[in-house]
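The values are calculated or read from the model by the stated rules, or taken from the named source; none is laboratory data. In this text, all values refer to a predicted model and were calculated from it rather than measured experimentally. For neighbour counting, all protein chains shown are included, and Cβ atoms are generated from backbone atoms with ideal geometry for every residue, glycine included. Quick note on the areas: whole protein, heavy atoms, side chains included, nothing else; ligands and nucleic acids left out. Shrake-Rupley method; radii C 1.70, N 1.55, O 1.52, S 1.80 Å.
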Number of protein chains: 4
Amino acid sequence: MRKLGVAVIGAGFWGRNHARNLKELNETRLVAVCDKDEAKAKAVAELFGVEAYSDSREMLKRKDVEAVTVCTWSTNLAAETMKVLKARKHALVEKPMANNVQEARKIVDLAKKNQRHVMVGFLMRFIPGMQRIKEAAEKGEIGTLVYATARRVSEWPERIGDVGVVKDLAIHDIDITRYLFGEDPVEVYAKAGSLRYKQFEDHAQILLTFKNRETAFIEANWLTPYKIRKLVVTGSKAIMTLDYITQEITMETSGQTLAPRYEVKEPLKLELQHFANSILNDKEPMITGLDGLKAVQIAEAALKSARRGTAIKLK
Amino acid sequence: MRKLGVAVIGAGFWGRNHARNLKELNETRLVAVCDKDEAKAKAVAELFGVEAYSDSREMLKRKDVEAVTVCTWSTNLAAETMKVLKARKHALVEKPMANNVQEARKIVDLAKKNQRHVMVGFLMRFIPGMQRIKEAAEKGEIGTLVYATARRVSEWPERIGDVGVVKDLAIHDIDITRYLFGEDPVEVYAKAGSLRYKQFEDHAQILLTFKNRETAFIEANWLTPYKIRKLVVTGSKAIMTLDYITQEITMETSGQTLAPRYEVKEPLKLELQHFANSILNDKEPMITGLDGLKAVQIAEAALKSARRGTAIKLK
Amino acid sequence: MRKLGVAVIGAGFWGRNHARNLKELNETRLVAVCDKDEAKAKAVAELFGVEAYSDSREMLKRKDVEAVTVCTWSTNLAAETMKVLKARKHALVEKPMANNVQEARKIVDLAKKNQRHVMVGFLMRFIPGMQRIKEAAEKGEIGTLVYATARRVSEWPERIGDVGVVKDLAIHDIDITRYLFGEDPVEVYAKAGSLRYKQFEDHAQILLTFKNRETAFIEANWLTPYKIRKLVVTGSKAIMTLDYITQEITMETSGQTLAPRYEVKEPLKLELQHFANSILNDKEPMITGLDGLKAVQIAEAALKSARRGTAIKLK
Amino acid sequence: MRKLGVAVIGAGFWGRNHARNLKELNETRLVAVCDKDEAKAKAVAELFGVEAYSDSREMLKRKDVEAVTVCTWSTNLAAETMKVLKARKHALVEKPMANNVQEARKIVDLAKKNQRHVMVGFLMRFIPGMQRIKEAAEKGEIGTLVYATARRVSEWPERIGDVGVVKDLAIHDIDITRYLFGEDPVEVYAKAGSLRYKQFEDHAQILLTFKNRETAFIEANWLTPYKIRKLVVTGSKAIMTLDYITQEITMETSGQTLAPRYEVKEPLKLELQHFANSILNDKEPMITGLDGLKAVQIAEAALKSARRGTAIKLK
């Protein structure tokens, strides 16, 4: 099959990972790297033998750029993604996709109008163990889904500036619980606070209630000395757990705990591969702009709930 | 010092543990055991060489009974405790102390009127590691307390009948978070459901908000294949964790994780010892009838919140 | 079925556990407790409502004593066991059974001569998980047995005086590896030393080679801050692990790790039950005096190897 | 400081890691990559923008190549290293350095004759936690060193062909125990076998005795479903443990377990950095050809002990 020509906007730590994977994948040909900071763009571009840009509009003129992954600071994600879509390229935009619901909606609308694919970077879905949990949920192996609890905590991040833990961390679990339960939450109640970082919340506890009465509790903070990324899904027949860091999963039933072994894979690689294949085959990606929009909506509702001190109903 | 004469009402699994400890403690002299089921009373009484009763009123006439521990089914706790207090004996009543707030209040009032001590069996406080966490919180070692998350889950219990997980399990963590934060919650939002047991809730997720904006998330269910009893307390300076089953604690700061080793002790023994010493020295016990009343109030508010689907404010 | 009349010689910590279990088992009737220290004997006897003796010969005159469990200091085990067998009672003797091979052999011979059963207290065999590992080994689930590694370490013991770690700790694993491999070792090479306790070795590493070329590595010491009791059995098809303290086992194959859940049982209870049933049904116990003799032989060979600095061949 | 010009011989999986790190380090400038398989050499060279060679002699003529890292199949390590030294370049040779003692000695002699540095790739020494253990040992924090136990097991390796587990895996722990104890073993006793792989041993248990009576037990095999790389060092004052995979260490004393947190670092990067700095500053590297020779000697003695069934004394 032919290779999809891809460019990357955002040459920081995460953009570098995008570039590396796009260079290595059989499905893609890394064409160019862009960053407002020219030096950064050059450093990454040189590492992979491609061209560097400091103005994305210039880069987007290239015919050999068919799709673009957007990995900038959260604040700029939406603006850059709009440029990509305007230039009639497909886009994979890192979470949280946009700062607010309005920006997110604009992206969804423009993608539809220009008939371009938009995928959102909720890469947790691509961990092999997560796929197994999804399969187990669909096949009834877990039984009736009761609730999920997610813990996504870490130290004070080096790279931070423009969003708090809800849009930076919890949003992954908001997407995952939507994915696993296969439906949208109808209510959210959250508590959040700023212990050290005055501008944004550095700790949050969110309780989501779903249509079929399942609930999800999400804990996110930047106050824990080391990274913990865990998920527990409790069902009537079994409990499944996932450690996002080791990628180990367990299925616990009354008689035993079973921990199947999967080869550890780089979820970003699988995500970019899925993105490329979706475009090459003109199929809707697993995670669309609509998923991104919904995640932002729920995140904003959580922040509103925390501010107001009440539960917020979601339509 | 002289030994306190103690009797036990309720000769089931837990009452047997009470009897064993009271027999072994230096501070107490086990005098008698009572159970509506005469055979049960005899079995336990014989094991420890004391007298058996099937009518607590008869047993309460004995002068050598100065204090009584009440370990019956939840449904009968309050009624039996009232008999004990009416007979002017001191009482240690197992959690949840009473079925509802009214019963709990009556106990508190009668104890006050008759000037008898009432202690409630929230034995988790007596785990050495819990005492260390309380100390660390008081000394500022954890810094500003942000939140606590508690997980108290297990299999379908053998002994069950008259309360759900909120009053059977979560009530321990309700008491513990009051104890650690040193204040009462001002709001509770909970979700609960009955997956298998139609009469009472078998799973619950409770979010408590405290006066100084700390929060506590409590998860309790009877749907997990094995017992897990864990607590995590997150503060601005450190995270402390406790595994109630192994009694191991850790203190996690940015530079290290420290796990001090404490001799494993039977919390029930320490609780009964504290009860006896409180009476012998005429000091108010660490956990009073008022603590029990508050725990029941919060538990009932949680159940109300779950029923109504709204947050409940607590005065 | 009728109850076997049993007495206990040795009223220390472990003897008390024997007495408690014998009191509780359906198969046994605890008749008396004996200890050279009369106060100790009385304390335990009174706890269980039986008679106390300070001279075992007196106690052994009783007709209602059919079998005796011997739980004295290691130094006295053999002497007391000989008294028991001379009095024509059956005996369960705690490990290591005897101080040396000669004493052990005398016990085996006398038991045979007087046609009495002798069982040795290698209670590790009775942990449900150990039974599962034995079954897995026999059924070929582990494949060809390659080797076992055992780690049995702890802090400086409170109760110690007359044997080092080889005869106190490692002897359990010597018995277990004989049990699992189903054969006797042909060679032993060991290193041991006395770091703190001048009289006996407080650390040892033993490498046993078995007839079919399986090997077993046993590590035992009193230098570790907390108790660790673990076993790993490596086979061509699977690895099985057992944590003696939690009783958890795992079976690890290339595709998964499986941890079946067994009810935690008190191995001492199962051992005493097996002992009683062996006598009541006149069947040879699972662990005979010959097993005890062999374990002592191997333990002594290990100590010899450590002293001489050479491997020792075993016939 | 100036950058050291470095080339890599061996463009397989591990050689690629060498190349990547040499490309990224400030101290080095990756100049060329060589592999008998021209396609492999080109693939890696192109990835990093350097020249490819299929004949190392050609590459060694380059003046800008000052040092070379040798990462070929074990069988070819010594031969290629000799070419490097003959061409008067410094060499870092991957373990096991050579197939046998004679080859290893030739390397040591030639390096001395031509006054070139030789370093051996025992990268485990460079894990931050290992450095901490070494420091703790030197400062007496662990007390008197009693023994070390190492477990280095994994699944059947993809890349294998010319050495068994002793020279492929155990040799790391042979080096580490020499490093931590600061002396050479005086005796080795080993058992090894070939369960699946007829040509070389796929499982081994090695017991080393050191001059001051410390011992080290090393277990290595390719029969375990997943990678385990652990070390436990037992001393009179403390036990230290290291998990090579997570890089987590613990220090266990009677009162507590302490787990200091170190930033996870790529040991290969630190090793290559140390190599480069040693040459740039003309200082002897931490791990010399002599360390490599000794490790091979001990490994061969272990294999001899396993073949003969006796302990082997080492001078």
Counting only residues that are surrounded by fewer than 17 Cβ atoms within 10 Å (Cβ to Cβ) and part of a helix (DSSP H, G or I), the stretch D:24-56 contains a total of 5
Identify, by number, the condition in (1) open to solvent by less than 40 Å² (accessible area, probe 1.4 Å); (2) within 12 Å of another protein chain (Cβ to nearest Cβ); (3) not β-branched (Val, Ile, Thr) that A:Glu248 doesn't meet.
-> (1)
Only one residue in A:Arg125, A:Arg132, A:Arg178 is over 14 Å from the mean Cα position of the chain (by Cα) and charged (D, E, K, R), so which one is that?
-> A:Arg132
State yes or no: is B:Leu272 of a type outside the set (S, T, N, Q) and either more than 13 Å from the chain's Cα centre (by Cα) or surrounded by fewer than 22 Cβ atoms within 10 Å (Cβ to Cβ) (or both)?
-> no
Close pairs from the stretch B:1-28: first under 15 Å from B:Val50 (Cα atoms) and among the polar types (S, T, N, Q), partner open to solvent by less than 30 Å² (accessible area, probe 1.4 Å) and part of a helix (DSSP H, G or I), Cβ under 6 Å, at least 6 apart | B:Asn17/B:Leu268; B:Asn21/B:Leu268; B:Asn21/B:Leu272; B:Thr28/B:Leu22; B:Thr28/B:Ala276
Considering the stretch B:253-282 alone, what residues qualify as being part of a loop (DSSP other than H, G, I, E, B) and more than 14 Å from chain D (Cβ to nearest Cβ)?
-> B:Val264, B:Lys265, B:Glu266, B:Asn281, B:Asp282
Checked C:Thr209, C:Thr253 against criteria (modelled with pLDDT under 95 and either surrounded by 17 or more Cβ atoms within 10 Å (Cβ to Cβ) or among the hydroxyl-bearing types (Ser, Thr, Tyr) (or both)); the one match is C:Thr253
Go over the candidates C:Leu223, C:Leu290 one by one and state the one that is open to solvent by less than 60 Å² (accessible area, probe 1.4 Å) and hydrophobic (A, V, I, L, M, F, W, C).
-> C:Leu223
May I ask you to verify whether C:Thr177 is at the interface with chain D (Cβ under 10 Å from one of its Cβ atoms) and of a type in the set (S, T, N, Q)?
-> no
Inside the stretch D:121-177, can you point out the residues that are farther than 22 Å from D:Gly15 by Cβ and among the polar types (S, T, N, Q)?
-> D:Gln131, D:Thr144, D:Thr149, D:Thr177
By residue number, the members of the stretch D:128-174 that are within 13 Å of another protein chain (Cβ to nearest Cβ), free of Cβ contacts under 8 Å to residues at least 40 places away in the same chain and of a type in the set (Lys, Arg) are none
Identify all residues within the stretch B:1-23 that are assigned to a loop (DSSP other than H, G, I, E, B) and open to solvent by less than 10 Å² (accessible area, probe 1.4 Å); write none if there are none.
-> B:Gly10, B:Ala11
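Find the residue count for the stretch B:208-238, including only residues that are of a type outside the set (Gly, Ala, Ser), assigned to a strand (DSSP E or B) and either more than 9 Å from chain A (Cβ to nearest Cβ) or under 19 Å from B:Thr144 (Cβ atoms) (or both). Show your work before the answer.
Going residue by residue through the stretch B:208-238, those that are of a type outside the set (Gly, Ala, Ser) are B:208-215, B:217-219, B:221-234, B:237.
Filter once more, so that each one left must be assigned to a strand (DSSP E or B): B:208-210, B:215, B:217-219, B:221, B:228-234.
Right, trim to either more than 9 Å from chain A (Cβ to nearest Cβ) or under 19 Å from B:Thr144 (Cβ atoms) (or both) and you get B:208-210, B:215, B:217-218, B:228-234.
Qualifying residue count, the stretch B:208-238: 13.
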Go through (1) in contact (Cβ under 8 Å) with a residue 60 or more places away in the chain; (2) within 21 Å of D:Asn277 (Cβ to Cβ); (3) of a type outside the set (A, V, I, L, M) and name the single condition D:Gln115 misses.
-> (1)
If we keep just the residues of the stretch B:99-116 that are under 16 Å from the mean Cα position of the chain (by Cα) and part of a loop (DSSP other than H, G, I, E, B), which is surrounded by the fewest Cβ atoms within 10 Å (Cβ to Cβ)?
-> B:Asn100
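Conditions (1) touching a helix residue (DSSP H, G or I) at 6+ places or on another chain (Cβ under 8 Å); (2) within 14 Å of another protein chain (Cβ to nearest Cβ); (3) farther than 20 Å from C:Leu270 by Cβ, marked per residue:
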site	(1), (2), (3)
C:Gly15	yes, no, no
C:Leu47	yes, yes, yes
C:Ser56	yes, no, yes
C:Ser74	yes, no, yes
C:Leu77	no, no, yes
C:Leu85	yes, no, yes
C:His90	yes, no, no
C:Asn99	yes, no, yes
C:Gln102	no, no, yes
In the stretch A:175-206, what residues are buried (at least 24 other Cβ atoms within 10 Å of the Cβ) and β-branched (Val, Ile, Thr)?
-> A:Ile176, A:Thr177, A:Val188, A:Ile206
Quick one: how many residues across the stretch C:283-315 are of a type in the set (Val, Ile, Thr) and within 14 Å of chain D (Cβ to nearest Cβ)?
-> 2
Taking the residues in the stretch C:79-98 that are among the charged types (D, E, K, R) and assigned to a helix (DSSP H, G or I) as candidates, determine which candidate is farthest from C:Val296 (Cα to Cα).
-> C:Lys86
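Going through the stretch A:134-163 one residue at a time, which ones are part of a helix (DSSP H, G or I) and either closer than 20 Å to A:Pro285 by Cβ or open to solvent by 10 Å² or more (accessible area, probe 1.4 Å) (or both)?
A:Lys134, A:Glu135, A:Ala137, A:Glu138 - these are the residues of the stretch A:134-163 that are part of a helix (DSSP H, G or I) and either closer than 20 Å to A:Pro285 by Cβ or open to solvent by 10 Å² or more (accessible area, probe 1.4 Å) (or both).
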Could you run through the stretch A:183-207 and say how many residues are closer than 20 Å to A:Val232 by Cβ, more than 11 Å from chain B (Cβ to nearest Cβ) and in contact with a helix residue (DSSP H, G or I) (Cβ under 8 Å, 6 or more places away or on another chain)?
-> 1
